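Working notes for the structure below.
We did not get these values from a lab; they are worked out from the coordinates using the rules stated. Keep in mind the model is a prediction, meaning the values are calculated, not measured. Note: ideal-geometry Cβ built from the backbone for every residue, glycine included; neighbour counts use all protein chains shown.
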Amino acid sequence: MLACRVAQGYADYGIPSWIERVMRSCEIAVLGLGIIGSAALYALAQRRADVLGFDPLEVGEPRGSSHGSCRVYRRFNFENPAYTALSDQALAGWRALEAASRKIILKPSRVLEAGPPGSTLVSASRAAARKANVSCGLANGAEANLEFPAFHLPDDWDVVVQPSGGILLAENAMQAFREGAGGRIIRSAAAFQPTLKGIRVTASNETILAKQVIIAAGPWIVELLPRLKRHLTITRQAVGWFKPQASGVATFGEFPIFLIDSPQGLIYGFPDFEGRGVKAARHNHGPLADPDEWGPPPSDDELAAVKETLEIFVPGAAGPILERDICLYTNTRPADARIDMGEEFIIDRLPQDRRIIVASACSGHGAKFATAIGEILASLALDQHFEADAAFRLDRFSSFASP
């Protein structure tokens, strides 16, 4: 049940007595309801926590790192072999969400990863699969071209095909999370201010007192927590939908999700499962951007590397550009208090104030883990003895490390 209690005793903070009598309160406030914040809100609601979520955007609006219909789900991750357990936990969460919401959230699809001989992309994913005792089938470009006629990979290229990947329907997932939150959402941007009595959350014309806050504001987190700015990058990522060259050649089920370690960078794409064309983009970071830089749509120059890669390696998907979009990545820079190469999540309590929980830098490869990350965030809020994985902690940055 949504709490609406009277907060008292705030004369010390200059709050007029009439506001004291009407101020709502909650145990936990979630600021930002992209896919990670929505997952946290849902997890807390499922645990019957007294929680409110804040976000000015509806699902489907073309802003925010979680907008757009789809994301890649990979069980085995070249970024970090330790992610396999997190992927498995997330998969169980996606299936549970499907059952609870009666929505399709994850469409099974093979995931093809390819690169020149010795490609670290392929070798890392293959090693993670081998560790889990999973066979990944095809071994080289020649075999992949026979299996998937839309591709034209060099015969000697390294290839791995994950049998247990999928297309994560991101907007369906966020809708299911929000519906499952049961009226706990306030459609407003929010700011917060720590006080001795709690965390004051200001949204529109209302102030709500929370005991804890989870900050999951995507690129806008640098405005809410300015000390994070030096440790994060926000980049503009160009996305295009390309017309298949022949009918049926890039359809869902026949054509895999793909990641290609190309001379133009890491290019990823989806089968034409929506009738919009093959969605493809460059995973490598684009130019630096501000949180509100969502326009204009990407130019031909911005999509040139993607188009060239498709023309060379996936000619069946290299037709004209049908649609264009911009996504913003928020990623960490390399840490400076202990070894960390960057592009790693932040899932932790603020060391200087444990009432503030940070969920950030999940762009690029975090969406697939949202159900698992949501549960971690819920545990951080509800169990003061619970700690997130050391790799995700803020104290890897000197400005947040304990003296």
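Taking one quarter of the surface of the convex hull spanned by the alpha-carbon atoms of segment 173-315 gives a direction-averaged projected area of 12.3 nm². Cross-link reach is defined here as a Cα-Cα straight distance under 29 Å, omitting same-chain residues fewer than 8 places apart; for residue 279 the lysines meeting it are 103, 107, 243, 307, 368. Here the residues 204, 135, 379, ranked from fewest to most Cβ neighbours within 10 Å of their Cβ, fall in the order 135, 204, 379. Backbone N atoms of segment 316-346 closer than 20 Å to the 7 Å Cα→Cβ label point of residue 120 belong to residues 331-345.
The alpha-carbon of residue 197 sits under 16 angstrom from the alpha-carbons of these lysines, leaving out residues fewer than 8 places away in its chain: 211. For residue 266, the residues whose modelled amide H falls within less than 5 Å of its own, excluding neighbours fewer than 5 places apart on the same chain, are 283, 284. Here's the picture: charge each Lys and Arg Cβ at +1 and each Asp and Glu Cβ at -1 in segment 222-379, and of 271, 372, 326 the one pushed furthest to the positive end of that dipole is 372. Taking only the alpha carbons of segment 99-152, we obtain Rg and Dmax values of 14.6, 44 Å in that order.
Compute the distance in nm between two label points, each set 7 Å from the Cα along the Cα-to-Cβ direction, one at residue 352 and one at residue 195. Label at residue 352, label at residue 195, 2.1 nm between them.
Taking every C-alpha pair closer than 8 Å and separated by at least 6 residues, the mean separation divided by the residue count of the chain gives a relative contact order of 20 percent.
Working note: Karplus 6.51/-1.76/1.60 with θ = phi - 60° gives segment 112-124 the couplings 9, 10, 9, x, x, x, x, 3, 5, 4, 6, 5, 5 Hz, where Gly and Pro are set to x. When only alpha carbons are used to place a centre, segment 291-323 and segment 377-403 end up 38 Å from one another. Each of 42, 268, 73 was scored by other Cβ atoms within 10 Å of its Cβ. Arranged with the fewest first, they read 268, 73, 42. Computed from Cα positions, the angle between helix 170-180 and the longest principal axis of the chain comes to roughly 30 degrees.
Relative protection proxy for 330-341, 169-180, from highest mean packing down: 169-180, 330-341 (other beta-carbon atoms within 10 angstrom). In order along segment 47-60, the phi-based Karplus estimate (6.51 cos²θ - 1.76 cosθ + 1.60, θ = phi - 60°) of 3J(HN,Hα) comes to 8, 6, 7, 8, 9, 10, x, 10, 6, x, 9, 7, 4, x Hz; Gly and Pro are listed as x. Remark: segment 79-87, residue by residue, has Karplus-estimated 3J(HN,Hα) of 5, 6, x, 5, 6, 4, 5, 5, 4 Hz, where x stands for each Gly or Pro and the curve is 6.51 cos²θ - 1.76 cosθ + 1.60 at θ = phi - 60°.
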